[in-house]
Amino acid sequence: MSDRELAEAIELIPDRLYWVALHTVPKTSLKSHFFSIDHDLIYEPFFADFGPLNLSMVYRYCKMLEAKLADAALADRRIVHYCSHDPKKRANAATLICAFQ
C-alpha cells in the first residue's frame, strides 16, 4: 500500500484496522494484510438493486474480521479491507465495515 493510498484509507482501529477503496489489487507486504470481499460476499439482486447484503453475510464478515484481528500470525500487521471503486461493491463493503463497528 503506497503512502498515498494509506493517506486515503480510513483508520478504524489505530495502527490495526483500515478500510480503503483502491483501483488496483495491493501487493502483499510485511506490514499489512490485505483482503477483499468483492468476489466472496455477493448480493443476489431482485431487480436493479445492489444491496445491502443479507444478515448471514454480515455475520460471516464480522466473524471473518474478528478472526483476522485475533490471528497471532497477523498480530504485527495492519489489516486492510480494500474494495474496488465499483459503486455497488464499495457501498456494500462500507456497510460491512460499519456493521463490524
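Nothing in this text is a laboratory measurement; each read-out follows from the coordinates by a stated rule. This is a predicted model, so every value here is computed, not measured. Virtual Cβ from ideal backbone geometry, glycine too; neighbours counted across all protein chains shown.
Please list, or write none, the lysines whose alpha carbon is within less than 26 Å of the alpha carbon of residue 88, excluding same-chain residues fewer than 8 places away.
Cross-link targets: 27, 63, 68.
For the chain, which span is the longest to avoid every loop-located (per DSSP) member of trypsin sites (Lys or Arg not before Pro) having at most 12 other Cβ atoms inside 10 Å?
Numbers: sites that count: 27, 31.
The answer is 32-101.
For the chain, what is the percent of antiparallel DSSP beta bridges, rounded to the nearest 5? It would help to have the intermediate numbers written out before the result.
Working: 3 of 12 bridges.
DSSP beta bridges in the chain are roughly 25 percent antiparallel.
If I model a spin label as a point 7 Å beyond the Cα along the Cα-Cβ vector, how far apart are those points for residue 40 and residue 25 in nm?
The answer from the label model is 1.4 nm.
For segment 3-100, would you read off the P(r) tail past 22 Å as a percentage of all alpha carbon pairs? Display every interim value, and only then the final one.
Details: 1307 of 4753 pairs.
Beyond 22 Å sits 27 percent of the P(r) for segment 3-100.
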